[in-house]
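Chemist: Below is the structure I would like to discuss, written out as structure tokens.
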Amino acid sequence: METHRKLTILGVILLAMTFLINYYHQQVHPGVGFNYAYIPGVTMLAVFMISFVLFTKDRINEN
């Protein structure tokens, strides 16, 4: 499997983690403390950006 596809799958997993952590935080600790959903959320954005760059680089090199 290509690297950008593996990174995309990892990004989707991080997206699900972000939603679950945020949902838990909003239900159990609304407005209290640090919302740890930011950590996988920022990581997810970085992974998706790297995946996009690799995908675009591969497509440009094919032409």
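Chemist: Just the number please: accessible area per residue for the chain, 1.4 Å probe, all protein chains included, in Å².
Modeler: Result: 79 Å² per residue.
Chemist: Quick one: pull the percent of accessible area on the chain belonging to carbon and sulfur, 1.4 Å probe, ligands and nucleic acids left out. Let's see the in-between values first.
Modeler: Details: 3530 of 4960 Å².
For the chain, the apolar C and S fraction of the accessible surface comes to 71 percent.
Chemist: If you don't mind, there's one more thing I want to ask. Report the full-extension gain for the segment residue 15 to residue 62: residue separation times 0.36 nm, less the Cα-Cα distance, to one decimal in nm. Provide the component values of the computation, followed by the final result.
Modeler: On the way: separation 47, 0.36 × 47 = 16.92 nm, distance 3.01 nm.
Gain in length upon complete extension: 13.9 nm.
Chemist: With θ set to phi - 60°, apply the Karplus curve 6.51 cos²θ - 1.76 cosθ + 1.60 along the stretch 4-17 and write out the HN-Hα couplings as whole Hz, x wherever there is a Gly or Pro.
Modeler: 5, 6, 4, 5, 5, 5, 4, x, 5, 4, 5, 4, 4, 4
Chemist: How far apart, in nm, are the 7 Å Cα→Cβ label points at residue 36 and residue 3?
Modeler: 3.1
Chemist: Then there's this: Please list 3J(HN,Hα) in residue order for the stretch 45-59, calculated via the Karplus relation 6.51 cos²θ - 1.76 cosθ + 1.60 where θ = phi - 60°; whole Hz, with x for glycine and proline.
Modeler: For the stretch 45-59, the Karplus curve yields 4, 5, 5, 5, 5, 5, 4, 5, 5, 4, 4, 5, 4, 5, 5 Hz.
Chemist: Let me ask something else about it. Each residue of the stretch 27-32 in order: what ³J(HN,Hα) in whole Hz does its phi give by Karplus 6.51 cos²θ - 1.76 cosθ + 1.60, θ = phi - 60°, with x for Gly and Pro?
Modeler: 7, 9, 10, x, x, 10
Chemist: Determine the order of 9, 21 by accessible area, beginning with the largest, at a probe radius of 1.4 Å.
Modeler: Sorted descending by solvent-accessible area, the residues read 9, 21.
The values are calculated or read from the model by the stated rules, or taken from the named source; none is laboratory data. Note that this is a predicted model, so its numbers are computed, not measured. Here Cβ is always computed from backbone atoms with ideal geometry, including for glycine, and neighbour counts include all displayed protein chains. Note: areas computed on protein heavy atoms with side chains; ligands, DNA, RNA excluded. Shrake-Rupley method; radii C 1.70, N 1.55, O 1.52, S 1.80 Å.
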